[in-house]
1. Output the number of residues of region 793-822 satisfying the condition of being within 16 Å of the ligand (Cβ to nearest atom) and not polar (S, T, N, Q).
2. Which condition breaks for residue 232 when tested against (1) within 23 Å of residue 346 (Cα to Cα); (2) assigned to a loop (DSSP other than H, G, I, E, B); (3) in contact with a helix residue (DSSP H, G or I) (Cβ under 9 Å, 6 or more places away or on another chain)?
3. Please work out which residue is surrounded by the most Cβ atoms within 10 Å (Cβ to Cβ), limiting yourself to region 571-606 and to residues that are of a type outside the set (Phe, Trp, Tyr) and in contact with a Ser or Thr (Cβ under 6 Å, 6 or more places away or on another chain).
4. Which condition number in (1) touching a Phe, Trp or Tyr at 6+ places or on another chain (Cβ under 8 Å); (2) assigned to a loop (DSSP other than H, G, I, E, B); (3) over 29 Å from residue 364 (Cβ atoms) is the one that residue 375 fails?
5. Which members of region 204-220 meet the condition of being surrounded by fewer than 17 Cβ atoms within 10 Å (Cβ to Cβ) and either in a strand (DSSP E or B) or in contact with a Leu (Cβ under 7 Å, 6 or more places away or on another chain) (or both)?
6. Please enumerate the residues belonging to region 539-570 that are outside any helix (DSSP H, G or I), away from the ligand (no atom under 15 Å from the Cβ) and either basic (Lys, Arg) or out of contact with any helix residue (DSSP H, G or I) (no Cβ under 7 Å at 6 or more places or on another chain) (or both).
7. Among the candidates 281, 234, 219, 199, single out the residue that is basic (Lys, Arg) and under 21 Å from residue 338 (Cα atoms).
8. Give the residues of region 503-532 that are within 16 Å of the ligand (Cβ to nearest atom) and more than 23 Å from residue 261 (Cβ to Cβ), sorted by residue number.
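Please treat every number below as a calculation from the coordinates, not as lab data. This one's a predicted model, so the numbers in the text were calculated from it and none came from an experiment. Glycine also receives a Cβ, built like all others from the backbone with ideal geometry; neighbour counts cover every protein chain displayed.
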Amino acid sequence: MKDYITRRLAAVLVSALATLSYLPSAYAADVVNLRCEYLKNPLGIDVEKPRLSWVIEERSQRSEVRGQKQTAYQVLVASTPELLAKAKGDLWDSGKVASDQSIQVEYAGKPVESRMECHWKVRVWDKGGKASDWSKPALWSMGLLQPSDWKGVWIGLDEPPREMPATTNKAMQVANEIASRRLAARWLRKEFTVCHKVKRATAYFSGLGLSELYVNGQKAGDDVLSPGLTDYRKRVFYVTRDVTELVRVGQNAVGVILGNGRFYAPRGKTPAPTEDSGFPKLCLQLEVEYGDGTCDEIVSDPSWKITTTGPIRANNEYDGEEYDARREMPGWANAGFNDAAWSSAPIVGAPGGELTAQMINPIRVTGTLKPIAVTEPKPGVFVFDLGQNMVGWCRLKVRGPAGTSVSLRHAEKLKPDGTLYLANLRSAEVTDAFTLKGKGREIYEPRFTYHGFRFVEVTGFPGKPTLTSLEGRIVNDDLATAGEFTCSQPTINRIYRNMVWGVRGNYRSIVTDCPQRDERQGWLGDRSVESKGEAYLFDIAALYAKWVQDMADSQRTNGSISDVCPEYWSFHKDNVTWPSSAVIIPSTLLDQYADTDVVARHYPCMVKWIDHMSGYITNGIISKDNYGDWCVPPEESKLIHSKDPARKTAKPILATSYFYHCLKLMTRYATLLGKTEDAARFDALADQLDAALNEKFYQPEKGCYDNGSQTACVLPLAFDMVPAAERERVFNHLVEKITGETKDHIGTGLIGGQWINRVLTDGGRADLVYGFATNTTYPSWGYMAEHGATTVWELWNGDTADPSMNSGNHVMLIGDFIIWIYERLAGIQCDPDAPGFKKITIKPTPVGDLTWVKAHYDSLYGRIVSNWKREGSKLTMEVTIPADTTATVFVPTKDAADVTEAAKPVAKAEGVKFLRMENKAAVCAVGSGTYRFQSTIP
Ligand code: BGC
């Protein structure tokens, strides 16, 4: 039952749970860090075989065991904490399993059932055969697995906003249109009686588009903008909340507020009509269990009451929220509230999609920013500067007479006169309005909207606001930080910081293109290979597995996948590059998390897409392309897209090389899944494309493909399509383009940019990438930063280009820069033959005037560290490899005899095996542990 994605998600959720120590218990438990607090103890998952992972950590740093390995494990899963404490795994006792597998271990106990609690722990045997203590206990619970478990019906109010009088006045027409997009929130409530002491109370609910749940006046959970986005025609998320602490013996009340979200979404028709799913609605089931085994179910049905007269007068994600505090309804979610004026909640049509457990991290307020300045560019118009292009909303503190209305508008930039620059937001109104009730200090934060902004215009404020009148509330998927990077070069640190802000702000239960204008969609092309870089920043396993499911949900019966997923905009253009993310992103999940399951589950979708697109191949060439090498640096400051043919890359080159890459990935997946015939078929087709591309576009006299654009060189090099004898010439052509034509600056757009930094580095020209990374002249990330960017722009010339497509917070131009930073500068890489960092490569790149790098990445096995510093020709590398993994370490040196580890020659160092010299590096094999290598570099 259920779909694959949810299986994947549960695995990741559960994987974060256990941490255990392998040293004798005589050592104090001073290192027991859970890898990811947010994902601890997931409730309401709906996978039958969740995958469990644990991290083996030392209890003491004082005596390190090198080369530590798990030789066996035992997992216990029990239905109660008491049984688990007695080491009784009534659901599963794996027994002692001789295995070094410590991640992605599939649950193999009794079949799971709806609502089941699964308490678990694990112990391992180390390389010496010594057993560890049991890990701390952890928990997951099951959601409602069968459609028949749902007793609640969908309730809501299919009522549009009040119709405005017809008008010929243009401004009024616009106002009417905006009003039609913003509904008043729906408030729903129900009272119920609890007669005995409660053992457990759990709410399962789906409130569309967005919802907040209250029990006895208190909000259940701290998530916002919930549930996550899906194509509601295919899939609808429900969330599970443990509300045991909120329910009490006696009279109780449950309340839900519903906002539009993307469910009620009547936006304009450009660039495509937005999928509108209808009016907000709720399906809820609150199950109250008692000690005697009986249970009460409070379910959504027409006995609930509903009103639209509450304080949220209008809301939608893009235009903002209007809140009238005079209409607050104190006690509305408490027992005893007089709801006589509310109506009975009608039963409404179900949304269509399958109710599925939401198993991604919730969206939360993850931080607060205090303004750094406030100005008054016009009388009564105050502009706050938060100092950072952020995503979320504001918290306003204000005192004033009842009925005073304060408006907040949000923008990324200012005009020269200090007022907001709104032209690049297109039709998004980005305005929140708060009407005071006039009682003391009032605090307002919107619920059902979000904005991408650095500046906030405040109008209507009673008196003069101060810096403490407002603060920015940062809102995004609450993902654990996965890695950190710093180095001696300030521009790189600044760019890196901007990228982290940009990536983080574009998590909204999908990965969005931008957070501010009237778009905010999951454009597939923007995150294809770039997703791998994000994996070094945040734990994206669950989010991206969910997005891959969004892609599968968009697939038509003929195999076509939409360029935008979830398919709020239907873009079935059948180009190669954008939908190829459906094939490429699973490779990120495979490499970073050893997620073979996502590959298996998603495989039919990928095959179908490949087969569908193969129909467009003519003589080994596929020319289906829509966007080109999107957003190459244009030749003129006002242009969005270059008009210069020399900067553009021909569509057949983009499409054919990308399709070739997809076929190679399919060969890998098919081989992994034991589908040898498929593997041979994909490989053979790949060979045909390779031959045809070289035949048709390679120009032997020039040593380049077609017009020799940077991207036309980069892609065949990256995918290893260039005949060996010609590789150097193509590489040199690329180098000449960069040094000659673009004067040591990057000349690629979204497509070439996802590969160029690694292609150049692996070809021996890391110095050129170091130039890209440290340039502050156009085009470069440093140029953006020098011109005020605190995130990454959509366009290299984002400070001068046409505002119609010019976001200040886009992710796509990051390309493979973050991958380069981690995998090349710090040199932390996963060996693809042992995915998930079971085998690690540490291969740093000392380049340019860089004198030190500090980086770590929290893999599923634990933390991998690569720090290096250079003093003259002396290189020091500090490397940490987690237990249960091995690594190959490349120590740059001019002479192997010169290399030491912990001040001993490597030959004598414990747990270090010198393998060979390769490309001016001593290559050593190590197991887990912390190492300090020193060498003399040329
Ligand atoms: C989006 C991009 C997207 C592109 C494709 C733009 O409007 O913001 O990120 O990939 O359209 O056409």
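1. 16
2. Of the numbered conditions (1) within 23 Å of residue 346 (Cα to Cα); (2) assigned to a loop (DSSP other than H, G, I, E, B); (3) in contact with a helix residue (DSSP H, G or I) (Cβ under 9 Å, 6 or more places away or on another chain), the odd one out for residue 232 is (3).
3. 581
4. Status for residue 375: all satisfied but (2).
5. 218, 219
6. 539, 556, 557
7. Going through 281, 234, 219, 199 in turn, just one is basic (Lys, Arg) and under 21 Å from residue 338 (Cα atoms): 219.
8. Once the filter is applied, which keeps residues that are within 16 Å of the ligand (Cβ to nearest atom) and more than 23 Å from residue 261 (Cβ to Cβ), region 503-532 yields 525, 528, 529, 530, 531.
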